[in-house]
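See structure below.
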Amino acid sequence: MSLVLIIALVLVVLVGTGLGLVVSRRRGRSGLLEPPSPAPVRPAPAPVIAPDAEAGPEPEPAQALEPEPEAAPEPEPQPEPEPEPRVVERPRFRDRLSKARNALSGYMGAIGGRSRIDAETWDELEEALILADVGMAATQDLLEHLRSQVKAQGLGTGEELLGALKAELTSRLGDFDRELHFSEAEGPTVWLFVGVNGVGKTTTIGKLGAREVAAGHRVIMAAGDTFRAAAAEQLGMWAERSGAELVRGNEGGDPSAVIFDGVAAAAARGADLVLGDTAGRLHTKTNLMEELRKVRRVADQGAGTVTEVLLVLDATTGQNGLVQAQQFTDAVELTGVVLTKLDGSAKGGIVIAIHEQLGIPVKAVGLGEGIDDLVPFDPAEFVDALFS
Amino acid sequence: MFEALSDRFEGVLGRLRGKGRLTEADVDDAMREIRLALLEADVNFTVVKNFIARVRERALGEELSKALNPGQQVIKIVNEELTRTLGGETIRIAYSAKPPTVVLMAGLQGSGKTTNSAKLARWFKSQGRHPLLVGADLQRPAAVEQLRTLGRQLEVPVFSEATDPVAVAAAGLAEARRTGRDVVIVDTAGRLAIDAELMDEVRRISEAVDPNYTFLVIDAMTGQDAVTTAEAFHQTLELDGVILTKLDGDARGGAALSVKEVVGRPIAFASTGEKLDEFDLFHPDRLAGRILGMGDMLTLIEKAEQVFEKEETEAAAARLLEGQFTFEDFLDQMQQLKKMGPLSGVLGMMPGVPKEVRNAQIDDREIARVEAIIRSMTPAERRDPDLIDQSRRVRIARGSGSDPTRVAELIKQFKEMSKMMKRMGGMGSKKLAKSRRKAGKSKGKGPGGRTTGGGRVAPSTKAPLRLPNLDPRAPGAGRGLPDLGLPDLGLPGPGGVGPGRG
Ligand SMILES: Nc1nc2c(ncn2[C@@H]2O[C@H](COP(=O)(O)OP(=O)(O)OP(=O)(O)O)[C@@H](O)[C@H]2O)c(=O)[nH]1
Ligand SMILES: Nc1nc2c(ncn2[C@@H]2O[C@H](COP(=O)(O)OP(=O)(O)OP(=O)(O)O)[C@@H](O)[C@H]2O)c(=O)[nH]1
Ligand SMILES: [Mg+2]
Ligand SMILES: [Mg+2]
């Protein structure tokens, strides 16, 4: 397209929208400055304040995320986590469930108790799905599907409807490989952690590192975030807590060099797993995404093999989560998602669209800030936590 | 799926257009679309409900403007109501008569409290104050070290000690008094709204320092949960304002509207990057446009407003579509356009620009070259390029430091452009309306992959200028360029979700 044509087009657009708008905008501005009434809203039933007391002592063994090829067949019991600044409870999906039950009972209780499926039932269902961040498109699609099921199977009660919804959601979350894989080849396995700022990448590495160390692996954490203040110190503290080793570079240095060094150090010291931290970056920043591509490439170039590239996603994220997953997978081919902060009141419903549209499975879930607060993802439990 | 509101509106607007009044049914149709758009932008379900009710009432009650068609008027109302809700009173930092002025930062994990404590410190410094940063996050690994690093970068002192958060906050205040710092910013650990223990801790911190300002720091990417969070923090701490972070991404930022509705206090600052200078007072009108999917339209308009002579430019555009556009006009308009900054930047801000145009590699040196060639033409040549024969080409080339083939090429391109514009302009408005409606139905599939089709409207002074569907698959799943009514609220097209850079 010629420059001449571009300029001409720009001109026409500007005249059409821009200059035209000036007029109406000026006009529009005059009458709008009366302050809004801060009518507070109450969209959801009061948040449940429930630090699940009964959860802590439960002796459920932490499920190993990965059956390892060479280590002991029995997952070893985890070492005493070193004392945390506050008591770390061990939330599980089930505990979340009880919270969700309370939080959603306004909707789900009402729907489940209905003896007929009427317009109000559908409205409430829509509301509950949207409030769980499932998203407009997926919600409409689900409702449509359920409508046809109601007809085809003659579902009559709210309870049957909820049952159908859960079944459908669980099947949409589908049969995915949710394991974290080790490399078959010689040399260390590399797992990379990517995502936007502040989602929990570094913390997840700390938790996973502890688990893999406990499972008998020798783990190196590579501080590929050379940008954020004290990022390497933060990872260093996690390495110490979890019994992993830290490899770090210079502040402001090349992240791919740090990852490369981490892999080289692992090979030299006989460590079999490298957990590569990266700086948080918004998927819209092309230069930073380019940097990440390079990290991914370089991580594979030395003695190691990248088997997992995990997008860390904050459960409070709304519809932007899908865009994030799309952009990150375009750049570095994600193998899975770690959904963090599901211990809060947010439901993380956007991962349904991520499964469906991108085929990227959630592999682990963060349920707190403590070293033990990471569990494997379970579709049925996740769905239960959304709608119980 | 992330269609801009204006896209969604195309269908509804088509029906509204031309009618003299907004009927209740019209408004309800439009409200359905607005509701969808707001929910897609992550505005909380209940907030959307209330908001729609307000807009609906206004839309029905308001007198119809002559300048806008009904659909445009609805968008105008939505935009105004959104701006009004997001805005309202702006925050004015009043410094405590008995220094120091104390600011408390609170929010969920990872929302940006520590970074924005530092950003605020920088801002206070720029206001001639002497801030002290207090690191009361003793929980997250290396949180204090992070704050100290940022403090060093800013040359702002940082206080912390390994006691407990409430004690640190109190001691920080004492330290400020002792060392004569007049602003204290207390960074706290991230906490969940449903974590009773930690919510109680932050309440105790607040009691210990009795802050003049308590800010909730919240991530612009937050979904429906923003309301729960804002409610809980507001209940516990009585917020004075909100700091909205990570606005440099492409999230639509509907959470801001939710929080504003719940808290009723101003969104004071906007954080637009990881660097400490990427921080500014909050502009409600920009965010309103963004939530509606109207991109950087407002910024663009502001610039255009400063630069262009409205009448002159309109006349030039009209000549363009009538096939009367000359190199002289082109040169004039190019001068104006240059004042808006690099062309690629302008294109980036323009919603509804087809992909071919947006992605065109634009070299501003190329613009200079074109300009030089045109300047070497005589006025007669500029009006009638057919005069330019081989020997004139050589002369022009020499005068502009170019070569004759380039001169020939430019003239050829100019003629092609004129032809294309005239074709667009010449299309009858009836035919056009029809083809647009059709295009609207075949959502996204577009009018058969044409690059120039779609049609444009004759620029008679009354009729609106219209642009063609250049690329129906343009970012944002749009259907080409927007309907560009002249005294028009814009209805900017698809794809304009991008945030302003920096
Ligand atoms: N409640 C809760 N908090 C979490 C969870 N995972 C991480 N966090 C907290 O979230 C905050 C950010 O975590 P980080 O690990 O620093 O996040 P990051 O993605 O590495 O951040 P950047 O490197 O700055 O982009 C910290 O306060 C963590 O303690 C979780 O599962 N639940
Ligand atoms: N892109 C972008 N990143 C931001 C912005 N504000 C903060 N960040 C980044 O977000 C991440 C988290 O910021 P922090 O300041 O550590 O967040 P926090 O709320 O103190 O986190 P915790 O103390 O762990 O709860 C860091 O990587 C910051 O650099 C912003 O406006 N834009
Ligand atoms: Mg990190
Ligand atoms: Mg912090």
Contacts under 6 angstrom Cβ, first residue in the range B:100-127 being more than 15 Å from B:Q146 (Cα to Cα) and more than 11 Å from ligand 4 (Cβ to nearest atom), partner assigned to a helix (DSSP H, G or I) and open to solvent by less than 10 Å² (accessible area, probe 1.4 Å), 6 or more apart | B:P100/B:A176; B:V102/B:V209
Looking only at the range A:281-322, and only at residues there that are part of a loop (DSSP other than H, G, I, E, B) and in contact with a strand residue (DSSP E or B) (Cβ under 7 Å, 6 or more places away or on another chain), the one that is surrounded by the fewest Cβ atoms within 10 Å (Cβ to Cβ) = A:A315
Restricting attention to the range B:123-141, report how many residues are out of contact with any strand residue (DSSP E or B) (no Cβ under 7 Å at 6 or more places or on another chain) and either within 6 Å of ligand 2 (Cβ to nearest atom) or of a type in the set (K, R) (or both).
-> 1
Would you call B:L108 within 16 Å of ligand 2 (Cβ to nearest atom), at pLDDT 90 or above and more than 25 Å from the chain's Cα centre (by Cα)?
-> yes
Check off (1) of a type in the set (D, E, K, R); (2) open to solvent by less than 40 Å² (accessible area, probe 1.4 Å); (3) away from ligand 3 (no atom under 16 Å from the Cβ); (4) within 14 Å of chain A (Cβ to nearest Cβ) for B:D182 and give me the number that stays unchecked.
-> (4)
Which residue out of B:E40, B:E62, B:E89, B:E81 is within 13 Å of another protein chain (Cβ to nearest Cβ), among the charged types (D, E, K, R) and over 30 Å from A:Q319 (Cα atoms)?
-> B:E62
Among the residues of the range B:200-225 satisfying the criterion of being away from ligand 4 (no atom under 16 Å from the Cβ) and within 8 Å of chain A (Cβ to nearest Cβ), which is farthest from the chain's Cα centre (by Cα)?
-> B:D225
Filtering strands (runs of 3 or more DSSP E) wholly in the range A:194-280 for at least 1 residues that are of a type in the set (V, I, T) and within 11 Å of ligand 1 (Cβ to nearest atom) gives A:273-278
Please work out if B:A174 is open to solvent by 10 Å² or more (accessible area, probe 1.4 Å), aliphatic (A, V, I, L, M) and either away from ligand 3 (no atom under 16 Å from the Cβ) or not assigned by TED's automatic domain parsing to the domain that holds B:D200 (or both).
-> yes
Of A:L374, A:L358, the only residue that is open to solvent by 20 Å² or more (accessible area, probe 1.4 Å) and away from ligand 4 (no atom under 16 Å from the Cβ) is A:L358
So, of the residues in the range A:119-163 that are farther than 16 Å from A:A353 by Cα and among the hydroxyl-bearing types (S, T, Y), which turns out to be surrounded by the most Cβ atoms within 10 Å (Cβ to Cβ)?
-> A:T121
Scan the range A:209-229 and give yes if some residue there is touching a residue at least 12 places away in the same chain (Cβ under 8 Å), at the interface with chain B (Cβ under 9 Å from one of its Cβ atoms) and buried (at least 22 other Cβ atoms within 10 Å of the Cβ), otherwise no.
-> no
For residues in the range A:259-278 being in contact with a strand residue (DSSP E or B) (Cβ under 8 Å, 6 or more places away or on another chain), open to solvent by 10 Å² or more (accessible area, probe 1.4 Å) and not acidic (D, E), which is nearest to B:A142 (Cα to Cα)?
-> A:A265
Condition set within 16 Å of ligand 3 (Cβ to nearest atom) and charged (D, E, K, R), scope the range A:245-284, selection farthest from B:K246 (Cα to Cα): answer is A:R248
Under 6 Å by Cβ, and 6 or more places apart or on different chains, what pairs join a residue from the range B:160-188 that is under 12 Å from B:V102 (Cα atoms) with one that is open to solvent by less than 20 Å² (accessible area, probe 1.4 Å) and among the hydroxyl-bearing types (S, T, Y)?
-> B:V183/B:T101; B:I185/B:S117; B:D187/B:T114; B:D187/B:S117
What number goes with the only condition from (1) at pLDDT below 95; (2) open to solvent by less than 10 Å² (accessible area, probe 1.4 Å); (3) touching a Phe, Trp or Tyr at 6+ places or on another chain (Cβ under 7 Å) that A:K166 does not pass?
-> (2)
Answer yes if at least one residue in the range B:106-126 is within 15 Å of B:T214 (Cα to Cα), part of a strand (DSSP E or B), aliphatic (A, V, I, L, M) and in contact with a helix residue (DSSP H, G or I) (Cβ under 9 Å, 6 or more places away or on another chain), and no otherwise.
-> yes
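The values are calculated or read from the model by the stated rules, or taken from the named source; none is laboratory data. Keep in mind that what you see is a predicted model, and the values were worked out from it rather than measured. Positions of Cβ are generated from backbone atoms using ideal geometry, with glycine treated the same way; all protein chains shown enter the neighbour counts. These accessible areas exclude ligands, DNA and RNA; they are computed on the full protein's heavy atoms, side chains included. Shrake-Rupley method; radii C 1.70, N 1.55, O 1.52, S 1.80 Å.
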